[in-house]
Structure formats: structure tokens, C-alpha cells
Amino acid sequence: MGKDDLSNKKRRKLNTTTSSENIKQSPTDIYKKVVEFEETEAQLRSAEKDAVLFKKICQDVRQLFADIADLKLKGTEEAKERITAKRIEASLHLVALKKLNRLEKVRTRAGRDALHKEKQRVDSTHLLLQNLLYEADHLNKEVTKCLQFKSKDEEIELIPLEDFYKDAPTEISRPEITKTNEHQLQLARLEWELRQRRELAGACNELVASKERVAAAIAAARSRLDALSPHLRDVLKATKPLQECLALRLDEKRDETRAATLLPPPLFLLYANASAYSDALGAKNITVGISGDEDEAKRLEQLLNVESELVVSNDSDSDQENNDEDQSETKKKRHHRSIKISKEEKAEAKKKEVLKKHPLNVQVTIKNNDGTALNLIFSYMLHLKIVVVKFTMNFSKPVTGVSAADVLNGDCILKELYIGDTGDDSPHPATAYLLNAAGISEEFRHFIPEVGKPYIWAQRMCGLDFMVVATDTQKSNKNLQPCQSLSVASVENFIFTLKKRLKARIDLMKELQDLESGKILPAKGSEKDCPVRLSGSLTQWQSVGWQEYSQALSTSFFISEGLVTADKMLYRAIITRQSAKLVALVAISSDYPKHAPLFSLTLHWNGTHHAGTSDDLRDIERVINTDWQSTEKKQSTLSAQMLKLLTCLDILLETTGSSEFPPDKVMLQSIRGRNRMKPYKFLKQGAGVFVQY
């Protein structure tokens, strides 16, 4: 064997050893090396150039696929060989694409890792910043607490510095030290304050002891008075026979006086002034009394006193805390109970509280000479601060007529006792606000049938004048005090005005009773003002409603001029004479007989005629409604107007020339002038003669 053979053997041996070493290497190490190589290559290569290369390879692959498709269509041997070559070329291109894809993923992962590291660095920096800000805020709060710290001695109100150096002794003030040292100055002022408070505490103890001695003396005197009370009652019992013999009302007066002390100030003023007039005029004209629940009035007065004491006194913080705890406990105990209360019940309870009256009321009874009496019940509304009135009538004799009974109704008698005072709304300007504050949407007039009418004269009788409060901005509605002089003047005026109104209504009631029965009786002293004989007769008299009155053709003028409104008392009278029928609608004002009743006429004879179509009826209406105070100064009455109406009807019918109505009265001229005026005026000459006005 030669050297060449030995060298070949050595090479083979070396090759076999190197191959075995390569085989023994782990695939994981190769994978890591490949990955590291590609990562390094990805960092070195440009991403833009790889993108261009990727597009070019994709275009080449598309072209190869198109060429393979064309070659498959040819189907020749040469085409098959070329297809195989192109497949190999396409596979190489796909390998290159995979390589580019791996490089791109390596770049993406590297960028994501770099971004994540940067985020972690930013988050760490931000967390450090927040920690620093929190620590700075904490330090600022601590500094603020230190600056705002107040010692207990700062809450003590010390005397001024000038008074301290002036009043304090030298051993306490020490001006040579305190004027230069603020701390020593504060200590010296506190020491002087302590000494002063000890002296005041000693003086307070002496005053308390003196107060206890005085209270003991008062208690001893009170016990002696209590022991004297049974003896006084025995004396009063012994004097009762003498009181009955002399007709004295000492016991009743004493009970009323005790009850009067529980009345609210407005009702107390009314009771005092009305009682004075009752004593002056006598019990036959006016009586005054107090009714209601005295025990409830005492409880209400005690409650108001407790509330006023709570408002005046300044409770300590501990008392307020105890009260809050008690209120919270009571709320917890009543929590289950309050849930069961519905909204309707709460609204009803709130309405009752707002419309609550004082338990006591004042009763004033105005009597007429015939025994007819009007009983007025005055009540005071606690929250609305107004006085309301309810009324009842007492008749000495039964009233027979229907329309006659209406005029003696209490509401009718009191209607517009003074001009414009109807009592249909509250005179207090704050009433609407108080109702809205309580959650009540209805107006006060909705509750008038329940509580009573708040007449203005009732407020004035109790010394209340809301017009003064409304114009005076310095006064408050809550602090309104009743005026004594206003109550005195109003009570006197009201009593005489109401007695006059009551007497006028009784006279009107008697007239209406006669008219309902068909009687027309002339007033005393007026028998000579009318002819002896009247041919017409009153066949019907009854009250009518506003709808019937307003729909009549004869009343349109009175309504349009505002002479008649729905507040007046309205009646219908029917007068007949043979075939003629005269319908008269009568409107009587509430202040009758001060203002005469208004007649509107409709005649049914040879058609229907009224003042708008007939001059004769218009002349009769003028005579009936206006010609009453031309000759004598006296007030007109309803009966006198009815007599005059019957007379004018006879004159009108007898001057028509109809055989159905022969002349029965002496007339100088049946017709005169261009307007053919009838002789409606009666002159007392001989047997009496009728002439024109």
C-alpha cells in the first residue's frame, strides 16, 4: 500500500468522525442556531427591500402557475419536462416566501418586545410620580392641620388687653414680662380669667341660695292659700241663695271669666267688648257666651307655652344630641307604622291641621223685640290666623211662607251687611300661600261650608285689620296683634247694623207671607195714597232662580246695566184682571228697604208686551222703580210698590177703551201729550183723582 492509500484512509476516518459528531449534535441546538441566525439576519436586512422582494416573488409565482397551466393544455413530453422544471422553481420561490414571512414575524416580535419594555419603563416612571404626588399631598394636609390647630384656650373669650392691664393686679399682669412675651401674656390673661370666674361662681352660689329661700317662702304662702281655698268655697256656697234671690250671675260670670283667659287674643277682645255692650243694652237685646272644650284649650295653651320656651331657650349640644337620639329611636319604633299610612291619609291629616280651629269659640246672639234671634258663632283658625263665623236662626213663631223663610236665613241676612263683604273668600293675603305650603291645591272658598265664612266685619270685631298688614311692609303676618280701638268701634257698629238688618228682614218676611197668601196690605199711614178699590188681584207670588230671571226679555236692561245680579233675592208675581195677566219679576237687594226693589213687567193681553216694546209698561216701571222719594222723605216698601203696581195696571187697562175694562176711577185726562202718557199719579182731592206726571 502506498502513501496515497494511507492518506485516503485518514481522510475517510476524519470524515467519518466529523459526520458522527454532527449526528450526535442535538436538534434543539440547531434550531436555536437557526433562530439566532434568522433574528440576526432580520435585524441586518431592510424590511422595505424584503417587501419589494416579496411582491416580486409573488408575481413570479403567479407567472409560473400561469405557465404551468398553459403547458398542461399542450400535453406534450417537452411540456411535461418544462412543467417539472417550473414546479421545482415554484417550490424554491415558496421556500423564499416562507423565509421572508419568518423574517417579518421576527421583526414584529422584536418590535412588540421593545414596545412592551418601553411601556413598563413608562408605567414605572408614572407610578413613581403618583407616589411622589401622594406624599406631597399628605405633607400639605399635615401642614394645613398644623396651621389650623386651635387650642382650648382660644375658645375662651378673654377681656380686652387694655382692661386686663387696667384691672388685673401687678403680680398677675407682670407688664415687664408680658409685654415682650406673648406666651407669658396669654398665661397671665388665663390666670386672671380663672380668678374672675371663681369670684362669679361664688356670687352665683349666693344668689341661688337666696332664690331657694324666696321659693321656700312662696311655697309656704301658697300652702296657706291652698288651705284657705276650701273655706272660700264654703263661703261661696253659703251666698248662692242670696245670688238666686237677687238674680245675680256671679258663678256663671266667674266660669266665663275663667274660660275667657283661655281664648286667643282676637276672640278675647270680641268677648270683652261684646260683653260690655250686652251689659249696657241688656240681655234682651244681646247675649254673649263661651262654648267649647276647656280641657283641650288648656292642653293647647300648655303646648304653645312649651314651644315658646323652646324657641327662646338655647339648648346645649349634649341636649340636642340626646334629642336627636330620642327622635331617631322614636322614628325606628314608628317606622313600621308610618309605612302603613297612605298618601291620602297624610294629605287629609295635613288639611285638618291647616284648618284647625281653637277649641273655644264665642257665641253672640242678637235678639229682636218679637223674640227672633240670630246666633253667631265666632271661631279662630290657629294656622290661617283668621276668624270664621257660623250662624243659626231662632224663630219665636213658625214661618209659613216658603219665600218668607228664605229671607230669614242666616246667610241671607248677613250677605253684604257691609258693601262688598260677602264672606266668600279669606281677607288674609297669606291664606293662599299657607294652603299651598301645606300641599292643598283647593282655594279657601272650597272649605267655607265646613269651617264658616270669614267676613271682614268679623275680623274687625276681633281687632284684626289685614289691609293694614298688607300695606305696611315693616309688619309681619305672623306677629299680627289685635287692635283694641278697632274692636270697640266695630262691635258697636256691627250690633246696631245687624239689629237694623234683622228688623228689616222680619218686616220683609211678614210682607212676603202676606203676598204668598194673596194679601197686599198698605203700610201704616199710606192708606190715603191709594184708591179705595182695586180691580186686579195677586194670584201668585213665589221665588225664582237666576236662570229664569236672566232669560226673561223684560229683565235684559237691568242685567246689562248691572242693576240686578245673581246675589239679589228674586221673585215672580202674577197679577190678573179678567183676560189680562201681568207678570212682574221683582229683584230685592240685601239692604232692603234702603234701596227699593226693582220691577220688570210683562203684560199678556192682546199679545205679549214688555218695556222694550211698550211705552206704557216702560212708564209703569219708571213710576214703580223710581218715583218714591219725590213727594215725601220715606223709604219704599214692597207692599206699597205692589199697591202702586195694581193701581197702574187698572189705569192702563181702563184707558185702552176696551169694554172688558170699564173705567172705575176718576181721571182728568185719560191720555195727554205726544207720548200719550197715562194718568198714573194719584192726588188726594176729594175722593181722589188720577193725573199725569
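Answer yes or no as to whether H126 is open to solvent by 70 Å² or more (accessible area, probe 1.4 Å) and more than 25 Å from F37 (Cα to Cα).
Here the answer is yes, as H126 does meet what is asked.
The residues in region 540-597 that are open to solvent by 30 Å² or more (accessible area, probe 1.4 Å), touching a His at 6+ places or on another chain (Cβ under 8 Å) and part of a loop (DSSP other than H, G, I, E, B) can be counted, and the count is 0. You will find that of E118, E89, E104, E157, the residue that is among the charged types (D, E, K, R) and open to solvent by 100 Å² or more (accessible area, probe 1.4 Å) is E157 and no other.
Go through region 72-83 residue by residue and tally those that are out of contact with any Asp or Glu (no Cβ under 9 Å at 6 or more places or on another chain) and either at pLDDT 85 or above or surrounded by 11 or more Cβ atoms within 10 Å (Cβ to Cβ) (or both). Even if it seems obvious, please write down each step before you answer.
Taking region 72-83 first, the residues out of contact with any Asp or Glu (no Cβ under 9 Å at 6 or more places or on another chain) are 72-78, 80-81.
Add one more test, that the residue is either at pLDDT 85 or above or surrounded by 11 or more Cβ atoms within 10 Å (Cβ to Cβ) (or both), and what stays is 72-74, 78, 80-81.
Residues meeting the conditions: 6.
Residues of region 633-685 that are in a loop (DSSP other than H, G, I, E, B) and polar (S, T, N, Q): Q635, S636, T637, T655, T656, S658, S659, Q669, S670, N675, Q685.
So, in region 370-385, how many residues would count as being outside any strand (DSSP E or B) and closer than 16 Å to L464 by Cβ? Break it down into steps so the answer makes sense when it comes.
Of all residues in region 370-385, those outside any strand (DSSP E or B) come to 370-372, 382-385.
This time we only want the ones that are closer than 16 Å to L464 by Cβ, so: 382-385.
Result for region 370-385: 4.
Considering region 270-294, and only residues there that are touching a residue at least 40 places away in the same chain (Cβ under 8 Å), more than 26 Å from D465 (Cα to Cα) and not aliphatic (A, V, I, L, M), the residue that is most open to solvent (accessible area, probe 1.4 Å) turns out to be K284.
Tell me the residue from S308, S291 that is within 19 Å of L263 (Cα to Cα), at pLDDT below 65 and polar (S, T, N, Q), please.
Going through S308, S291 in turn, just one is within 19 Å of L263 (Cα to Cα), at pLDDT below 65 and polar (S, T, N, Q): S308.
Inside region 669-688, residues that are modelled with pLDDT of 80 or more and either among the hydrophobic types (A, V, I, L, M, F, W, C) or over 16 Å from D650 (Cβ atoms) (or both) make up a count of 6. Residues in region 187-225 that are open to solvent by 100 Å² or more (accessible area, probe 1.4 Å), under 52 Å from the mean Cα position of the chain (by Cα) and over 30 Å from I159 (Cβ atoms): E212, R222, L225.
The values are calculated or read from the model by the stated rules, or taken from the named source; none is laboratory data. Everything quoted here is computed from the prediction, not taken from an experiment. FYI the Cβ positions are ideal-geometry reconstructions off the backbone, even for glycines, and counts take in every protein chain you see. We work out accessible area using only protein heavy atoms, side chains counted, and drop any ligands, DNA or RNA first. Shrake-Rupley method; radii C 1.70, N 1.55, O 1.52, S 1.80 Å.
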